[in-house]
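The block underneath contains the structure these notes are about, expressed in structure tokens.
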Amino acid sequence: LAQLQARGLDEEGILRVSGSASRVAALAAVFDQVGDADLAKEQVHTVAGLVKLFLRGLPEPVVPWALHPALGAALHGSWGR
């Protein structure tokens, strides 16, 4: 996430534009084997793809399903009404 924060905040479409699928897969394998990888030289869209792959692989979503109604209400301005 530090690489995305340092290099990706001004990048248009950071989570929409795909990085290199082969690099994402290779980096994921490195993380699985070693637990870390040097991402400083990777394209920022590849790093974003790696983060998206990680998030999709979580057993539970970052925002638990039970909180989705409250989050939706908050986003649509009806929180506490």
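Worth pointing out:
- Restricting region 8-35 to residues that are in a helix (DSSP H, G or I) and of a type in the set (Val, Ile, Thr), the residue that is nearest to the chain's Cα centre (by Cα): 24
- Applying the criterion of being open to solvent by 40 Å² or more (accessible area, probe 1.4 Å) and touching a Ser or Thr at 6+ places or on another chain (Cβ under 8 Å) to the residues of region 21-64, the residue that is farthest from residue 74 (Cα to Cα) is 23.
- Long-range neighbours under 8 Å by Cβ, at least six apart or interchain, first residue more than 24 Å from residue 28 (Cα to Cα) within region 58-76, second surrounded by 11 or more Cβ atoms within 10 Å (Cβ to Cβ) and of a type outside the set (Val, Ile, Thr): 70/79; 73/79
The values are calculated or read from the model by the stated rules, or taken from the named source; none is laboratory data. Values in this document were obtained by computation on a predicted structure and should not be read as measured data. Here Cβ is always computed from backbone atoms with ideal geometry, including for glycine, and neighbour counts include all displayed protein chains. The protein model used for the area step is the full one, side chains on, heavy atoms only, and it has no ligands, DNA or RNA in it. Shrake-Rupley method; radii C 1.70, N 1.55, O 1.52, S 1.80 Å.
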